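Undergrad: Quick one: the structure is below, questions incoming.
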Amino acid sequence: MGERGVDAKTYDGHTGLDVSIGSFRNMDRGVGVYAVAPGTVMRTTDGNFDRNVAFLPGCGDSVNAVYVTHPSGYYFEYLHFKKDTIAVEPGQTIQAGTYLGEVGSSGCSNGPHVHVELRDCGGAPIDPFLTGLVLDPPTYDAPMRLFEVTFRATPFPSADLATVFTQAAPNVTSVPVATTMGFGLTLADGIVGDTVAIEVRRGDGSRFDDLRGKLTIPYPSSVWFWNRTLTGAPGEWTATIRLDGEVARVVSFEVTGDAKARAKASTLEPWVPGPGEGVAHPFPPLDRREPASPPRSAPAQR
Ligand SMILES: [Zn+2]
């Protein structure tokens, strides 16, 4: 939405605006969804599974959702809520900013996000950005930002990365020598030429590696990963994450063991780069059009 042609950050058949929160870690922390405009709640659905990472058969029937009619007759859909978090009821009058519930991944969704959609009185989709309905529009080509850090005690696989990153298990805090560790980042936005880097320093301060990448196409969101076998001085290691040269976060982890064991293991088992390593992988589209149409009748009176 907001642009047409090659500049558009959209995909065919998607008539809403997706706002991603990057991972289930963030969903578990709880991220609120607030109404973007006033209206009357027409219908809600809740109680459905909320950690989908793929589009399953019949997924459109298992979405947790809020449907709101605006006084103009236009109506809004808010989709994919976290289970049992919807805080409004049919017939309720809401205002812009009313808390609706929490972001989830119910229904036809492959990661936690909220889908907001606006339709006119005839049911045709409206782009609120192209039609000037957004009071304070966000920057369309936003600077690259760090969503999530995913450091693992095992290498990243080359397949099903979206699931691996979306699940985002807790970061490793202590890892033995000679472990092949996965260094992963989830980024939001970014334009051609943006750079990402992780400078990894050992316990003695010496530089272990400088992992780097550069955007060659713009991404709404992307995941980046490097697999490296740890060698050198144990102790408290630090990874300094930079986006476009600016420090975005510093993460530390403990490396245990002695240097001789590490050197031996490293020599015997040289690490071989995995397919696609260090390359940006865009997430697939976050959802698809719900097969079920929103209700058009007046809300039931309570
Ligand atoms: Zn969507």
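Since every read-out is calculated from the coordinates, none of them should be taken as a lab result. Here the structure is a predicted model, which means the values were calculated and not measured. Glycine also receives a Cβ, built like all others from the backbone with ideal geometry; neighbour counts cover every protein chain displayed.
Undergrad: Distance from the Cα centre of region 115-155 to that of region 185-211, in angstrom?
TA: First find each Cα centre; the distance between them is then 26 Å.
Undergrad: Could I ask something else about it? So, with +1 on the Cβ of K and R and -1 on the Cβ of D and E, and no other charges, what is the size of the charge dipole of region 5-126 about its Cα centre, to the nearest 20 debye?
TA: Numbers: 8 positive and 13 negative charges, 44 e Å.
Its charge dipole is roughly 220 debye.
Undergrad: Here's another thing I want to ask about it. Which of the three applies to region 145-271, rounded, prolate or oblate, going by the alpha-carbon gyration tensor with a ≥ b ≥ c and a/c under 1.5 meaning rounded? List each step's numbers first, then the result.
TA: On the way: a/c = 2.06, a/b = 1.67, b/c = 1.23.
Prolate, since a/c reaches 1.5 and a/b exceeds b/c.
Undergrad: Residue farthest toward the positive end of the dipole of region 1-122, with Cβ of Lys/Arg at +1 and Asp/Glu at -1: which of Ser109, Gly32, Met42?
TA: So the residue we want is Gly32.
Undergrad: Taking each pair of different alpha-carbon atoms in region 5-126 once, compute 1/r for the pair, average those values, and report the inverse of that mean as the Kirkwood hydrodynamic radius in Å to one decimal.
TA: 14.5
Undergrad: Something else: Give me the Kirkwood hydrodynamic radius of region 96-217, using the inverse of the mean 1/r over all pairs of distinct Cα atoms, in Å to one decimal. Intermediate results must be reported in sequence, preceding the final value.
TA: On the way: mean 1/r = 0.0541 Å⁻¹.
The answer is 18.5 Å.
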